[in-house]
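These notes are about the structure you will find just below.
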Amino acid sequence: MTRRGVALAAAGLLASALLAAPCAASDAQSGSLPRGGSYVISRDPGIAAAAVTLWFRAPSAGYDDATPGIARLAATAAAAAPLISGRSLAEFVHDAGGTLQINAYPDIVGIDAVVPSTAARRTVAALTAAFFAPRIDAAAMQAARRDTAVASVEQRYSSTLALHNAVFAALFASGPAHYPPVPFALAALTHITTAQVVAFAQRAFRSGNAVLAMAGNVDSSAITAVTDGAGASTMDAPHDSPLTAAPASASVSGAIDGVGIGWVGPPIADERAATALDFVADYLFRDGTGVIARLLAREQPASYATGQFITLHDPGVMLVTLEGGADAKAKALVLAAVDRMRRPLDPTAFAAAREAFLYHLATDTQLPQEQADNLGWYAVEGNPAYAPGSASGMYRQIARGLDAAYVASVVRRYLSSPVVITMAPAVRESAS
């Protein structure tokens, strides 16, 4: 799964748009940051844009699972807090003509800045200063609460996000994956204090817990712009979540209708099985070309399906969401199509599908932000060399080596017992 496929992100603090040219990496570099942490660069000096991203292993519900949303709140507050210059990171990126995104997931946090290449070095300095030495004050907290509250309301009306969270809550008994990175209840955000956020930021956003991933027109000389950090320290262990012993399908209340279907998949360390499920998701659910996408367009045009394998440290999750009139027939069509993948595809059909998958992989990793996000995501999830688009070429080599019999065996192993979550608005009794 390329990182951009993930539907869990809650993005905020968006600055003015910057169009980035397609990026074909020509150079790769990696190493240690001068004050703790690591960096990885996919370099293309032939374009005018740079993506500078910072990634942390940080549990979204806090280190005790007692404060859902604290990671998103802390990251947004750090980006809104004044730097020594008096401007915040968000203001700096905006003034540079770039975009800034905060993305919170159950186990990690990513901060993306896409800027003109001429501002890359200054962006490295501003981004690392904002997070390695956060200066969170009352005004930054107010901005973070406001921004996160907007994200909370928005996700209630997104079938994909709401169902994503509901399926994860059913699959995982506890830990960060059991809770939505942005709480649905706004009251949960108001109960998180500034002191809690500051303490979390100091622990989670320390330099030793960071991966700085960059792509586009930027090189390792920008690393010397990092002047903050507490020195060398060990990155947190991955924040895995225990699975539910016997996850059960259920009906839940939500703002809109939809169906979520989830299966527990392989960990990131099992690269071949994870790639096989990426192939299955692409073959079945790719918008416009996927088997199920075309089937629903023909037989259930009111329904829309998305499907992805979400590559995580341990375990990954295969997730399908249905919306827009997702009735029992649409669900049955999806489950039947997945079940058919238990048998190997015809060799000619499989070869064509694999070539399409490789083509989609190339198109999904063209832009600097896509490349930097993949490098950062796979690094903090524990397997940096496996990142799609990485100079190692590992992912593409594994994908090209897939065969129909192996893919079918992976489907039989992992996609046999789905959890199905049906979401519908609560029925209100009329007053009499």
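The values are calculated or read from the model by the stated rules, or taken from the named source; none is laboratory data. Source: prediction; values computed, not measured. Positions of Cβ are backbone-derived with ideal geometry, glycine not excepted, and every protein chain shown enters the neighbour counts. These area figures cover heavy atoms from the full protein model, side chains too; ligands, DNA and RNA do not enter into them. Shrake-Rupley method; radii C 1.70, N 1.55, O 1.52, S 1.80 Å.
Just to be sure, is residue 116 farther than 24 Å from residue 216 by Cα and of a type outside the set (S, T, N, Q)?
Numbers: farther than 24 Å from residue 216 by Cα: no; of a type outside the set (S, T, N, Q): yes.
It is false that residue 116 is farther than 24 Å from residue 216 by Cα and of a type outside the set (S, T, N, Q).
Residues being at pLDDT 95 or above, within 24 Å of residue 65 (Cβ to Cβ) and surrounded by fewer than 19 Cβ atoms within 10 Å (Cβ to Cβ): count how many of those fall in the range 251-275.
1
Taking the criterion of being at pLDDT 95 or above and surrounded by fewer than 18 Cβ atoms within 10 Å (Cβ to Cβ), would at least one residue in the range 150-168 satisfy it?
no
Tally the residues that are under 17 Å from residue 253 (Cβ atoms) and either under 15 Å from the mean Cα position of the chain (by Cα) or crowded, with 22+ Cβ neighbours inside 10 Å (or both), restricting the search to the range 170-186.
Number satisfying all stated conditions: 2.
Name the single residue, out of those in the range 209-227 being open to solvent by less than 40 Å² (accessible area, probe 1.4 Å) and in a loop (DSSP other than H, G, I, E, B), that is nearest to residue 42 (Cα to Cα). Reasoning before the result, please.
Initially, the range 209-227 is screened for residues open to solvent by less than 40 Å² (accessible area, probe 1.4 Å), giving 209-216, 218, 222-223, 225-226.
Among the residues that remain, those that are also in a loop (DSSP other than H, G, I, E, B) are: 218, 226.
Working: 218: 8, 226: 18 Å.
Step by step, filter the range 209-227, then rank; the result is 218.
When residues of the range 280-322 are filtered for being crowded, with 23+ Cβ neighbours inside 10 Å and either in contact with a Lys or Arg (Cβ under 7 Å, 6 or more places away or on another chain) or acidic (Asp, Glu) (or both), how many remain?
2
Residue-wise test of (1) polar (S, T, N, Q); (2) within 26 Å of residue 36 (Cβ to Cβ); (3) touching a residue at least 60 places away in the same chain (Cβ under 8 Å).
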{"position": "176", "(1), (2), (3)": "no, yes, yes"}
{"position": "181", "(1), (2), (3)": "no, yes, yes"}
{"position": "185", "(1), (2), (3)": "no, no, no"}
{"position": "189", "(1), (2), (3)": "no, no, yes"}
{"position": "202", "(1), (2), (3)": "yes, yes, yes"}
{"position": "214", "(1), (2), (3)": "no, yes, yes"}
{"position": "229", "(1), (2), (3)": "no, yes, yes"}
{"position": "242", "(1), (2), (3)": "no, no, yes"}
{"position": "254", "(1), (2), (3)": "no, no, yes"}
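I'd like to know if the range 420-427 contains one or more residues that are open to solvent by 10 Å² or more (accessible area, probe 1.4 Å), without any contact (Cβ under 8 Å) to a residue 40 or more places away in the chain, out of contact with any strand residue (DSSP E or B) (no Cβ under 6 Å at 6 or more places or on another chain) and part of a loop (DSSP other than H, G, I, E, B). Explain how you work it out, then say what you get.
If we filter the range 420-427 for residues that are open to solvent by 10 Å² or more (accessible area, probe 1.4 Å), which is where we start, we get 420, 422-427.
If we keep only those that are without any contact (Cβ under 8 Å) to a residue 40 or more places away in the chain too, we end up with 427.
If we keep only those that are out of contact with any strand residue (DSSP E or B) (no Cβ under 6 Å at 6 or more places or on another chain) too, we end up with 427.
Filter once more, so that each one left must be part of a loop (DSSP other than H, G, I, E, B): 427.
Yes, some residue in the range 420-427 is open to solvent by 10 Å² or more (accessible area, probe 1.4 Å), without any contact (Cβ under 8 Å) to a residue 40 or more places away in the chain, out of contact with any strand residue (DSSP E or B) (no Cβ under 6 Å at 6 or more places or on another chain) and part of a loop (DSSP other than H, G, I, E, B).
Take the range 356-384 and flag every residue that is open to solvent by 40 Å² or more (accessible area, probe 1.4 Å), within 20 Å of residue 43 (Cβ to Cβ) and out of contact with any strand residue (DSSP E or B) (no Cβ under 6 Å at 6 or more places or on another chain).
Across the range 356-384, the qualifying residues are 362, 364, 366, 367, 384.
Quickly run through the range 396-416 and pick out the residues that are open to solvent by 10 Å² or more (accessible area, probe 1.4 Å), out of contact with any strand residue (DSSP E or B) (no Cβ under 7 Å at 6 or more places or on another chain) and either in a helix (DSSP H, G or I) or within 15 Å of residue 318 (Cα to Cα) (or both).
396, 397, 398, 400, 404, 405, 406, 409, 412, 413, 416
Name the single residue, out of those in the range 62-100 being part of a strand (DSSP E or B) and farther than 24 Å from residue 195 by Cα, that is most open to solvent (accessible area, probe 1.4 Å).
First, the residues of the range 62-100 that are part of a strand (DSSP E or B): 82, 88, 99-100.
Now restrict to residues that are farther than 24 Å from residue 195 by Cα: 99-100.
On the way: 99: 33, 100: 1 Å².
Per the stated criteria, the residue is 99.
Looking at the range 326-347 only, could you name the residues that are exposed (fewer than 15 other Cβ atoms within 10 Å of the Cβ) and more than 25 Å from residue 402 (Cβ to Cβ)?
Correct list: 327, 328, 329, 332.
Got at least one residue in the range 333-348 being modelled with pLDDT under 95 and under 24 Å from residue 417 (Cα atoms)? Write out each step before concluding.
At the first step, the residues of the range 333-348 found to be modelled with pLDDT under 95 are 333-334.
Pick out the ones that are also under 24 Å from residue 417 (Cα atoms) and you get 333-334.
Yes, there is a match, as at least one residue in the range 333-348 is modelled with pLDDT under 95 and under 24 Å from residue 417 (Cα atoms).
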